[in-house]
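The values are calculated or read from the model by the stated rules, or taken from the named source; none is laboratory data. None of these values were measured; they are calculated from a predicted model. As a convention, Cβ positions derive from the backbone with ideal geometry for all residues, glycine included, and neighbour counts pool all protein chains shown. All accessible areas refer to the heavy atoms of the entire protein, side chains included, with ligands and DNA or RNA removed. Shrake-Rupley method; radii C 1.70, N 1.55, O 1.52, S 1.80 Å.
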Amino acid sequence: MTSSSCVGERIRARRLKLGMTQQELAGEMFTKSFISQIEKNHARPSLKSLQTLATRLGKPMAYFLDEEHVVPSTDPDKIDHLAILAARLRQGGQYADALNYYKEALSLTEENDHSRRGHLLSRKGSVYRDLDQPDKALEMLERAQAELDNTKDWEQISRIHNELGDLLLFLDQVDTAVSAFETALD
C-alpha cells in the first residue's frame, strides 16, 4: 500500500476510533461528501486540508502520510503534547476539537496513572462547563475526583474538590457544594 492510498484509510480508521461521523469531521470547512471521497481514496486532500483534518482527529499530519509512523500508546510525552494542544484549542474556543484531544490523551493513559487521568478528566470537565453542559462537566469532575482519590497528591485532591464545589454552587446544589469545599479544606 502506498502512502497516498493509505491516507483515506487512516483518516477513516481514526475518525471511527474517535466515534466521529463524517459530518462532524467535515465541520463547516468541508462537505460530508468530500470526507467520504477522501476515505474511499477517490479524492486526495490538499496539505492545508489534511492539516485541518489531522488537527480535528488529534494526530500529526505525518501520521496520515507515513506508513511507518507509530507512536507508542503510553508515551507520556505524546499524552502531554495532546493535553497542551487541547488546552490551546480550548483557549481559542475550539471546544469540540479540545474534547477530541483530551479523549485521545485519556485513551493513551495507563489505567493506573491516576494523577494524569484525574488531571485530564478535570480539564475535559472544564471544556464541558465552557460549552454550558454542567451535567457532563459534573460527570467528568466526579470521575477526576475518583482518580485523584487513588493518589496521595493532597494538593490535586483539594483542587478537584474546589472545582466540584464551584460547579455544584453553579447548579444550585449548595449543601453538596459546601461538603465538597469542606473536603477540600481537610
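Odds and ends about this structure:
- Working from label points 7 Å from Cα in the Cα-to-Cβ sense, the Arg44 to Glu111 distance is 4.3 nm.
- Placing a label point 7 Å from the Cα of Glu9 along the Cα-to-Cβ direction, the residues of the stretch 30-69 whose backbone N falls under 18 Å of that point are 36-45, 62-69.
- Evaluated over the chain, the Cα radius of gyration and Dmax, each in Å: 18.9, 61
- Spin-label model, Leu185 to Arg88: label points 7 Å out along the Cα-to-beta-carbon direction sit 4.1 nm apart.
- Dipole magnitude of the stretch 33-186, debye to nearest 20 (Cβ charges: Lys/Arg +1, Asp/Glu -1, about Cα centre): 880
- Each Cα pair under 8 Å and six or more residues apart adds its sequence gap; the mean of these over the residue count of the stretch 74-178 is a relative contact order of 19 percent.
- Loop trypsin sites (Lys or Arg not before Pro), the stretch 78-180, which have at most 11 other Cβ atoms in a 10 Å radius of their Cβ (DSSP): Lys152
- With every protein chain in place, the chain: carbon and sulfur % of accessible area (1.4 Å): 49
- Normalised contact order of the chain, rounded percent, pairs of Cα under 8 Å and 6 or more residues apart: 13
- Solvent exposure of the chain amounts to 55 Å² per residue of accessible area, where only protein heavy atoms count and the probe is 1.4 Å.
- Taking the three principal axes of the alpha carbon atoms in the stretch 43-147, the coordinate ranges are 43, 30, 19 Å, sorted in descending order.
- Calculated P(r) tail over 15 Å for the stretch 91-170, as whole % of Cα pairs: 52
- When the Gaussian network model of the chain links Cα atoms closer than 10 Å, the mean-square fluctuations of Gly93, Gly27, Gly58 top out at Gly27.
- On the basis of the beta-carbon distance and an R0 of 30 Å, Asp149 and Asp77 show a calculated FRET efficiency of 0.65.
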